[in-house]
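The values are calculated or read from the model by the stated rules, or taken from the named source; none is laboratory data. All values derive from a computational prediction rather than experimental measurement. In this analysis, Cβ positions are derived from the backbone assuming ideal geometry, glycine residues included, and neighbour counts consider all displayed protein chains. When the accessible area is computed, the model is the full protein with side chains, heavy atoms only, and any ligands, DNA or RNA have been set aside. Shrake-Rupley method; radii C 1.70, N 1.55, O 1.52, S 1.80 Å.
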Amino acid sequence: MELLKKRIAEDGSCYPGGILKVDSFINHQMDPVLMKSIGVEFVKRFASTGVNKIMTIEASGIAPAIMTGYLLDLPVVFAKKKSPRTIKNAISTTVHSFTKDREYEVVISADFLTPEDKVLFIDDFLAYGNAALGILDLIRQSGATLVGMGFIIEKILSEGKR
Ligand code: 5GP
């Protein structure tokens, strides 16, 4: 996606440890026009997969997921990084955080991830694929089916796609 490549080149910055900072348009301040274009790109790539639910993980996956869900007229659910006391029928798994270098628990209610769901997972970055593996575990536990995964930025040198 040329628009995204241009924006990363113009406004992104590199930090030690292989971190790409895109805080001015994805991870802190957000550009809704760019986000809509990203949603359109995901629709082009995944509309034919039979997807009936978009799934993401808080927080930075929510914006591209909601754009994609809006364009496809599909519900969007996000895995939470803190389990609310009121959550019902929780399913959980452990994920290693690339940016914080620690383990954390992610939770979702089985009320919103069911065996009928054909899930497209959307997130901001694919680095080592740890978040994606956690989501896959939640999907397996719920009995849902994964039909695709879409990331705004893939860090190909981190080999998350393996
Ligand atoms: P993974 O689970 O694929 O190893 O890492 C993906 C998660 O780590 C993303 O959801 C993102 O929050 C974070 N992440 C990984 N690499 C980067 C990076 O270079 N920059 C930023 N801003 N976040 C990253």
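What number comes out for the charge environment of residue 77, summing +1 per Lys or Arg and -1 per Asp or Glu over other residues with Cβ under 9 Å away? Charge balance near residue 77 sits at 0. Surface composition of the chain: carbon plus sulfur atoms hold 55% of the accessible area, using a 1.4 angstrom probe and ignoring ligands, DNA and RNA.
Remark: for residue pairs 53/80; 5/155; 53/82; 21/155, the C-alpha separation exceeds 19 Å in 53/82. Its Cα gyration tensor gives the chain an equivalent ellipsoid. The semi-axes, each the square root of 5 times an eigenvalue, are 25, 19, 14 Å from largest down.
Computed extension gain for residue 92 through residue 14, at 0.36 nm per residue and net of the alpha carbon distance, reaches 24.8 nm.
Remark: the range 6-162 carries 56 Å² of accessible area per residue (probe radius 1.4 Å; ligands, DNA and RNA excluded).
As a rough guide to protection, the peptides 138-150, 112-124, 41-53, 96-108 ranked by mean Cβ packing within 10 Å, highest first, stand as 112-124, 138-150, 41-53, 96-108. Distance between the C-alpha centers of the range 127-162 and the range 1-58? Whole Å please. Centre-to-centre distance over Cα atoms comes out at 16 Å.
What does the net charge come to around residue 86 if you take all other residues with beta carbon closer than 14 Å to its beta carbon, with K and R at +1 and D and E at -1? Summing Lys and Arg as +1 and Asp and Glu as -1 gives +3.
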